[in-house]
Amino acid sequence: MKATEIERKFLVRNDGWRANAGTPNVLRQAYLCDGDQNSIRVRLIDGRSARLTIKIRRPGLAREEFEYAIPVDEARDLLLHAAGHVIEKTRYRVLHDGRSWDVDVFAGAYEGLTLAEIEMASEDEQPDLPQWLGREVTGKRRYSNRAMAAALCASPALRDAGG
């Protein structure tokens, strides 16, 4: 399915989000190529379902996104061909001011890092920002999952979840 993804991303400063968090999903994801502009990602969700996603970079915050369900066994095989680290994180859907935020609590090489992101309908949208957010990191390459997967080791600066 093709979609346009427009999102903003933030560090998370404290656990205030947990009061409104839904059921978590454990994600394992890897990138299958390491091009500068576009990416191909495989994601295993709770070990029970899987998605293959192709993202095409465009100017600004928007990206074209093509996403497809794939068999779990094939996703497990594809994870073995990661171009870099396999990212491990637990994702929570968190409601704030009638909007759904994704809060990712990282494990493995990025243990201690927590990021929040919100998808928007347009780049001009100004969602109400929760108090538990820290510094905005939208467009900061080192906080993209793709860049983290490509890194040889986790930087202590990345694990600093403060604002």
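The values are calculated or read from the model by the stated rules, or taken from the named source; none is laboratory data. On a predicted model such as this, the values are computed, not experimentally measured, just so you know. Cβ sites come from the backbone with ideal geometry, for glycine too, and all protein chains shown count toward neighbours. Note: accessible area is taken over every heavy atom of the protein model, side chains too, but ligands, DNA and RNA are not part of it. Shrake-Rupley method; radii C 1.70, N 1.55, O 1.52, S 1.80 Å.
How many residues does the range 1-51 contain that are open to solvent by 40 Å² or more (accessible area, probe 1.4 Å), under 18 Å from His81 (Cα atoms) and part of a strand (DSSP E or B)?
Qualifying residue count for the region: 4.
Give the range 81-90 a look and list any residue that's open to solvent by 70 Å² or more (accessible area, probe 1.4 Å) and touching a Gly at 6+ places or on another chain (Cβ under 8 Å), or say none. Walk me through how you get there before you give the answer.
Of all residues in the range 81-90, those open to solvent by 70 Å² or more (accessible area, probe 1.4 Å) come to 81, 88.
Passing the criteria: only Glu88.
If you go through the range 66-80, how many residues are more than 18 Å from the chain's Cα centre (by Cα) and either in a helix (DSSP H, G or I) or surrounded by 12 or more Cβ atoms within 10 Å (Cβ to Cβ) (or both)? Full working, then the answer.
Going through the range 66-80, the residues more than 18 Å from the chain's Cα centre (by Cα) turn out to be 70-74, 76-78, 80.
Subset that is either in a helix (DSSP H, G or I) or surrounded by 12 or more Cβ atoms within 10 Å (Cβ to Cβ) (or both): 70, 72-74, 76-78.
The qualifying residues number 7.
Go through the range 94-113 and give me each residue that's open to solvent by 20 Å² or more (accessible area, probe 1.4 Å) and in a strand (DSSP E or B). I'd like the intermediate steps shown before the answer.
To start, the set of residues in the range 94-113 that are open to solvent by 20 Å² or more (accessible area, probe 1.4 Å) comprises 95-100, 105, 107-109, 111-112.
Leu95, His96, Arg99, Ser100, Val105 - these are the residues of the range 94-113 that are open to solvent by 20 Å² or more (accessible area, probe 1.4 Å) and in a strand (DSSP E or B).
All but one of (1) open to solvent by less than 50 Å² (accessible area, probe 1.4 Å); (2) within 28 Å of Asp124 (Cα to Cα); (3) touching a Phe, Trp or Tyr at 6+ places or on another chain (Cβ under 7 Å) hold for Arg63; state the number of the condition that does not hold.
Looking at each condition in turn, Arg63 falls short on (3).
The rows are residues; the columns are (1) more than 20 Å from Ser100 (Cα to Cα); (2) at pLDDT 90 or above.
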site	(1), (2)
Glu119	no, yes
Glu123	no, no
Asp128	no, yes
Thr138	no, yes
Arg146	yes, no
Leu152	yes, no
Pro156	yes, no
Asp160	yes, no
Gly163	yes, no
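Being at pLDDT below 95 and in contact with a strand residue (DSSP E or B) (Cβ under 9 Å, 6 or more places away or on another chain): is that true of Ala69 here? If you could, list the steps in order and put the result at the bottom.
Values: at pLDDT below 95: no; in contact with a strand residue (DSSP E or B) (Cβ under 9 Å, 6 or more places away or on another chain): yes.
Spelling it out, it is not the case that Ala69 is at pLDDT below 95 and in contact with a strand residue (DSSP E or B) (Cβ under 9 Å, 6 or more places away or on another chain).
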